[in-house]
Amino acid sequence: MVALGAFWNSPTDRKTLKHADDVRRELPLTIRFSLPELGGIDTVFILQPVVVTRWFGLLFHGSVRSEAGFPGFVPLKKHIERSIPMPKKPFVDFRDIRSRITMEQVLEHYGVLHTFKRTGNRLSGPCPIHGGSNPSQFRVETEKNIWNCFSECKHGGNTLDFIARKENISIHEAAIKACEWFNIPLEEVKTNGQSAQEAEEHASPEPKATSAPAAAAKPMSGPAAAKPNGSHSQDDGSPQGPPNPPLKFKLEKLNRDHPYFEQRGITLETVIDFGLGYFAGDKGLMVGRIVIPITNVKGEVVAYAGRWPGEPPSADTPKYKLPTGFRKGLELFNIDRAVKEQGPLVIVEGFFDAIKLHHNGWRRVVALMGSTMTSAQEELIKQHTGRNDQIIVMLDEDAAGQAGRENIAARLSKCCYVKIHVFDKPDMQPEHLTGQEVHQLFV
C-alpha cells in the first residue's frame with residue numbers, strides 16, 4: 001500500500017490517508033502527486049468527489065495545476081485506486097438472506113407493522129418509504145415476501161429492496177443490515193469467491209409496481225414464507241449446512257377423496273401418485289390440512305407441507321404450513337419423478353402447478369416452492385441437465401414471477417438452453433392450463 005501525502009492549506013500540514021473513508025472525510029482535498037503525464041513531481045490535485053458508485057468506490061476529478069502550466073480537469077480514478085486500497089465488502093448470498101427474513105419482520109423492525117391491515121395473505125397500509133398516508137397505497141404479499149407502492153414510489157421488490165430504498169443504500173449494504181438486525185451470522189451467508197459486485201448483478205430484478213386493481217385480483221399461491229413465530233420452515237437455500245434428513249414416520253389417516261381435490265381438478269389417481277390426502281388425525285401440525293409429501297431426488301420423504309383446504313378462515317391461519325427447521329431451499333418438489341422423464345424440464349413455482357402439469361400429461365416438471373431459485377436448487381437442476389437439454393421457466397404471470405423468471409433464466413442459460421414461457425393473460429399460473437393447452441405446449 002502506498003500512502004498519499006495530503007497537503008491541507010500548506011505543505012507543512014501533512015496528513016496520511018490510508019483508506020477511502022479517509023478521503024471522504026477530508027474532501028475537498030489538495031494532494032501533491034507525481035504523474036509524469038501531467039507535469040511531473042510538482043503537480044497538485046484538488047480532489048472533488050464526482051460520484052460514489054455502488055461497487056467501485058469513489059470516482060474523482062482533479063483540478064490540476066503544475067509547474068509545467070497544465071491546468072484543467074482529469075479523471076483520477078485509476079491513480080486513486082492504485083494508491084488507496086478500498087475496504088473489501090464481505091461476499092454474501094442475497095438470496096440466502098432473503099430466504100431467512102419476511103416482510104412482516106422488516107415492517108415490525110421499523111415499527112410500522114401495526115399500521116397495516118391484513119386481508120388474507122395481503123397487508124395494506126401507508127407507504128413507509130415515502131411516508132404516505134393513504135391506507136391502501138402500499139401492499140405486501142406475505143406468501144411471496146414482495147411489496148409494491150402504488151403511489152409516489154411506483155416501485156416494488158423484495159425484503160432487501162425495501163431496506164435499500166428505505167435507508168437509501170445499496171442492496172449489499174441492505175443485506176449486511178438485515179444480517180445485523182435479524183441475527184443472521186455472516187459466516188452462514190457468505191459466498192465462495194463471488195464478489196459483492198457479481199452478487200448484486202445477479203440479484204433478482206425488482207418487480208415493477210402494477211396497478212392496484214390488478215395486484216389485488218391475484219389470489220396467492222405457493223407455500224407461505226417463514227414467519228417470525230417459527231411455525232414455518234427456515235427457507236435456507238445455502239448449500240452449506242446439513243441436508244434435510246428423511247423422515248422416520250409416515251402420516252396415516254389420510255382422506256384421499258376429500259372434495260378439495262375435485263375443486264382443484266385433481267383425480268384420485270394423481271392424489272394417490274403424489275401421496276396427497278386430507279389429514280384427519282387429532283394432533284400435529286398437519287391436522288385439518290391437505291398433506292403434500294416433499295421428497296428428495298432419491299424419493300425419500302423429507303417433509304410434509306400442509307395446505308388449508310380452501311381459503312383460510314382468518315388472517316391468523318396460514319394457507320400453507322411447513323415444519324420448523326425444514327430447509328425448503330434445498331429441495332425441488334417432484335424432482336424424484338422428473339429425473340426419470342425425457343424432454344424439456346419445466347420449472348414452476350407451486351406444488352399444485354407441478355401436480356396439475358403432471359396430471360395433464362407433462363411429467364418432467366419441478367416446483368421451486370416459491371418464485372426465486374436458491375443456489376442449492378440451481379445446483380440440483382444443473383446436476384440433472386446437460387448442455388443439450390432444454391429448460392422452460394414457467395412462473396406465475398405476476399410481479400414476483402416476472403422478476404424471478406428473468407433471474408433464473410440468466411443463471412441457468414450458462415449451462416443449457418433456457419426458454420421463458422410468458423402467459424398471455426395477467427395472473428395466469430401453470431395450474432390454470434388445460435390438458436389440451438399442455439399438450440399443445442409440450443407434446
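Taking the Cα centre of the stretch 254-442 as origin and charging only Cβ (+1 Lys, Arg; -1 Asp, Glu), how large is the dipole, in debye to the nearest 20?
Values: 22 positive and 24 negative charges, 115 e Å.
In total the dipole reaches around 560 debye.
Taking a 31 Å limit on the Cα-Cα distance, which of the listed pairs Lys298/Lys425; Lys283/Lys328; Lys166/Lys328 fall beyond it?
Working: Lys298/Lys425 37 Å; Lys283/Lys328 23 Å; Lys166/Lys328 29 Å.
Too far apart for the 31 Å limit: Lys298/Lys425.
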For the stretch 298-362, with only Lys/Arg (+1) and Asp/Glu (-1) charged at the beta-carbon, what is the dipole magnitude about the Cα centre, in debye rounded to 20?
120
Fully extended, how many nm does the chain gain between Lys253 and Asp424 (0.36 nm per residue separation, minus their Cα-Cα distance)?
57.4 nm
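Taking the Cβ-Cβ separation of Gln383 and Glu437 as r and a Förster radius of 22 Å, what is the calculated FRET efficiency to the nearest 0.05?
Values: r = 30 Å, r/R0 = 1.37.
That pair, Gln383 with Glu437, gives E of 0.15.
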Neighbour-count ranking for Phe261, Phe138, Phe94 (other C-beta within 10 angstrom, fewest to most) reads Phe261, Phe94, Phe138
So how far apart, in nm, are the two label points at Glu406 and Lys117 if each is 7 Å from Cα heading toward Cβ?
3.2
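Values in this text are rule-based calculations from the coordinates and carry no lab data. All figures in this text were calculated on a predicted structure; none of them were measured in a lab. Every residue, glycine as well, gets a Cβ built from its backbone with ideal geometry; the counts of neighbours run over all protein chains shown.
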